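The values are calculated or read from the model by the stated rules, or taken from the named source; none is laboratory data. Note that the coordinates shown come from a computational prediction; the quantities given were computed from them, not determined experimentally. Cβ placement follows ideal geometry from the backbone for every residue including glycine, while neighbour counts extend to all protein chains displayed. Please note that ligands, DNA and RNA were not included when accessible areas were found on the heavy atoms of the full protein model with its side chains. Shrake-Rupley method; radii C 1.70, N 1.55, O 1.52, S 1.80 Å.
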Amino acid sequence: MLEIRELTKRFGGVTAVADVDLAVPERAVLGLIGPNGAGKTTLINCISGHFLPDGGSITFKGEDITRLPPHERTKRGIARTFQGVRLFKGLSVMDNVLIGRHTRMRPDIASRLVPLRRANASRDVAIAEALLERVALAARARDLAGELSYGEQRRLEIARALASEPTLLLLDEPAAGLNATESARLRELMRTLVGEGLTIVLIEHDVRLVMGVSARVAVLNFGRKIAEGAPAEVQADPAVREAYLGAEDEAV
């Protein structure tokens, strides 16, 4: 589904991503791990179009999207969440999810958002309600997004990303701020989404979560891919354990 070839991104004299090759198959989770500053979020920003690479190519469903702007990639089925929560905190939880459907809705989105009751019977609202149910936020649909806890805001971001009906979902540290129960619910949600046909690229510092949900794991260090393989293979790689997982005798 997604192929990255020799991708490079520089910021001045710093090479944040260096000649990275990556292939993401359909209907699977690819975990992307590495220490802070390894280039993981920069790579995701290049895939989503928020950064344009300085070299290499990105192919999605057979189409070269390397130079496309973010909104064109969204139309083609790529959605994402961010490392830092980016919500419209002065709008309701429901409105935030509806905004995520802007690529599927007619141009008069503003009139459909306010007042919300005018669109209660619409397919878009029904989809938004179902997504909020999925992330356990249905009861907060009319609350302001800014009133949610940090963990709830994380879940709302996922619902908003899913609202565009993507085929590729990029998750940047979605478990940050979640407790153990919420992390377990997130893991099950990802498994369900993959079972329904979604492909996920997951950046996450919770290594146990990544290893438990990913079909394959790629490891970045100083902008370069140092390993890729099945979770067990990556965990056993000495270079990975030294760079990210800790000493070789450390439990993972």
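Points worth noting:
- Residue-normalised accessible area of the chain, expressed per residue, 1.4 Å probe, Å²: 45
- Between Ser57 and Ala138, the C-beta separation translates, for a Förster distance of 30 Å, into a calculated FRET efficiency of about 0.15.
- The distance separating the Cα centre of the stretch 17-94 from that of the stretch 124-177 comes to 19 Å.
- As a calculated quantity, the FRET efficiency between Arg10 and Ala230 at R0 = 41 Å, using C-beta atoms, amounts to about 0.85.
- Kirkwood-type radius of the chain, with distances r between different C-alpha atoms, in Å: 18.8
- Net +/- balance of residues flanking Glu196 in space, Cβ distance below 14 Å, scoring K and R +1, D and E -1: 0
- FRET efficiency estimate (nearest 0.05) - Cβ-Cβ, Arg27 to Arg208, R0 25 angstrom: 0.65
- Counted residue by residue at 0.36 nm each, then reduced by the alpha carbon distance between them, the extension gain from Ala130 to Arg76 reaches 17.2 nm.
- Take the Kirkwood radius over Cα pairs of the stretch 120-252, plug it into Stokes-Einstein at 20 °C and 1.002 mPa s, and you get 131 µm²/s for translational diffusion.
- Rounded percent of accessible protein surface that carbon and sulfur make up, the chain, 1.4 Å probe: 50
- For Glu147 and Thr192, the difference between the fully extended length at 0.36 nm per residue and the C-alpha to C-alpha distance is 13.4 nm.
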